1. Can you pull out the helices (runs of 4 or more DSSP H) entirely within the range 11-104 that have at least 3 residues that are in contact with a strand residue (DSSP E or B) (Cβ under 7 Å, 6 or more places away or on another chain) and surrounded by 19 or more Cβ atoms within 10 Å (Cβ to Cβ)?
2. Being part of a loop (DSSP other than H, G, I, E, B) and of a type in the set (S, T, N, Q) is the filter here; which residues of the range 171-196 pass it?
3. Look through 181, 230, 202 and report the one residue that is modelled with pLDDT of 85 or more, closer than 30 Å to residue 254 by Cα and either surrounded by fewer than 18 Cβ atoms within 10 Å (Cβ to Cβ) or not assigned by TED's automatic domain parsing to the domain that holds residue 338 (or both).
4. Would you please list the contacts, defined by Cβ atoms under 6 Å and residues six or more apart or on different chains, that run from a residue in the range 176-203 that is closer than 19 Å to residue 3 by Cα to a residue that is basic (Lys, Arg) and assigned to a loop (DSSP other than H, G, I, E, B)?
5. Which condition from (1) closer than 20 Å to residue 106 by Cα; (2) buried (at least 16 other Cβ atoms within 10 Å of the Cβ); (3) touching a helix residue (DSSP H, G or I) at 6+ places or on another chain (Cβ under 8 Å) is the one that residue 176 breaks?
6. Output the residues belonging to the range 242-272 that are closer than 16 Å to residue 34 by Cα and touching a His at 6+ places or on another chain (Cβ under 6 Å).
7. Looking for something within 21 Å of residue 20 (Cβ to Cβ), within 19 Å of the chain's Cα centre (by Cα) and not assigned by TED's automatic domain parsing to the domain that holds residue 25 - is there at least one such residue anywhere in the range 253-275?
8. Just a yes or no: is a residue in the range 208-226 in a loop (DSSP other than H, G, I, E, B), without any contact (Cβ under 8 Å) to a residue 40 or more places away in the chain and surrounded by fewer than 16 Cβ atoms within 10 Å (Cβ to Cβ)?
Amino acid sequence: MQEAIILVGGKGTRLRPLTNHTPKPLLSVAGSSFIRHQIAKLMDAGVEHVVFATSYLAALFEEEFKNFSPDLTLSYAVEQVPLGTGGAIRNAGRLLRGDDPDAPVLILNGDILSGVDLRGILDAHRSRDADVTLHLTRVPDPRAFGLVPTDDDGRVLSFLEKPKTPEECVTDQVNAGCYVFRRSVLDAIPADREVSVEQETFPRLVAGGSRVHGHTTEEYWRDLGTPLAFVHGSADLVTGTATSPLVGSPAQALIHPSAVVDPTALVTGGSTIGPGAEIGPHVVIDRSIIGGDVRVAEGARIHESVVDHDSTIGGGSLLREVVVGCHAHIGADNELPAQLRLACGIRIPAQGVRVSGTAAACATVH
């Protein structure tokens, strides 16, 4: 039986307010919760048992997969105290079904959208008789990541902190958040304290001479941890830049059948429109995520933004790289600046926020 662990315990603070009520892996991406895209890919790779390493709002994962496919067994390992990535893996490992110490266990971070061939990384792990195989990807600017140099045979040489100077950029390979562990190596991770696989487990294995290999690929890869990366990842799935078994043919938009979109509206760039949403005349929605039961009034323009469920966007308003929490109301003719995050339930009156000024008369008598 091929088994896997998905790390889904984080609070997703960089995506607030969206994650105030929903764990990051359960947020909607290209019409489905992101975790369902990962599950579909694991099932395509022949995985029969998945353990979720949960913590934050853990019960919502069981609710999401209630009455799921009989072809997959799901287990839930709830982290009661912070255990770090290594501790979370070890905690979830208690619920694995197999007892072969040499069996490979797939491990995925719950916020990485990747085109890596999971069967391919499993085959590479077995062919090298590796203790751990890490999926590595190359990035244009490695300064934001820890570096993972390998030798000509793909064996990992070290794990380096984020480089501070160009001279420290000895490789462009970084940890892509997908691993294969030999079961016995996984079971050796301490279970009684917080452990980081990146800073403790992997360096210790390399220093001790274990067979730690990198599996470097050029496939699509994106960390969905920030709002802009989140909307770009969703759009990439819709347009076919990234792929998922749950997404059909490439398109400019994914519109729920129950949504109502005015014929004069333009929905493009891989945008998604959720169930029950209403998009008014002459609206432009580009590379954005519009949640369920959202109302967007005439002439509004929404670019690279997320509008959470049950919110309204007034006519003529402009949103660019903005996150709007659920149950919010943005009045007409607002112009919201980039990187703005609006709390759930907030109400902004007409022309309440603008980057550029207006000629509207002052309501106060002077």
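1. On the way: elements: 34-44, 59-64, 84-93.
Passing ranges, in order: 34-44, 84-93.
2. Scanning the range 171-196 gives 171, 196.
3. 230
4. Every condition considered, no pair remains.
5. Only one criterion in (1) closer than 20 Å to residue 106 by Cα; (2) buried (at least 16 other Cβ atoms within 10 Å of the Cβ); (3) touching a helix residue (DSSP H, G or I) at 6+ places or on another chain (Cβ under 8 Å) is unmet by residue 176, namely (3).
6. Let us first name the residues in the range 242-272 that are closer than 16 Å to residue 34 by Cα, namely 242-248, 254, 270-272.
Scanning the range 242-272 gives 244, 246.
7. So far as the range 253-275 goes, yes, one or more of its residues are within 21 Å of residue 20 (Cβ to Cβ), within 19 Å of the chain's Cα centre (by Cα) and not assigned by TED's automatic domain parsing to the domain that holds residue 25.
8. Initial filter on the range 208-226 (in a loop (DSSP other than H, G, I, E, B)): 208-211, 218-220, 224-226.
Subset that is without any contact (Cβ under 8 Å) to a residue 40 or more places away in the chain: 208-209.
Those still in the list that are surrounded by fewer than 16 Cβ atoms within 10 Å (Cβ to Cβ) too: 208-209.
The answer is yes, given that some residue of the range 208-226 is in a loop (DSSP other than H, G, I, E, B), without any contact (Cβ under 8 Å) to a residue 40 or more places away in the chain and surrounded by fewer than 16 Cβ atoms within 10 Å (Cβ to Cβ).
The values are calculated or read from the model by the stated rules, or taken from the named source; none is laboratory data. None of these values were measured; they are calculated from a predicted model. Ideal geometry is used to build each Cβ from the backbone, glycine not excepted, and the neighbour counts take in all protein chains shown.
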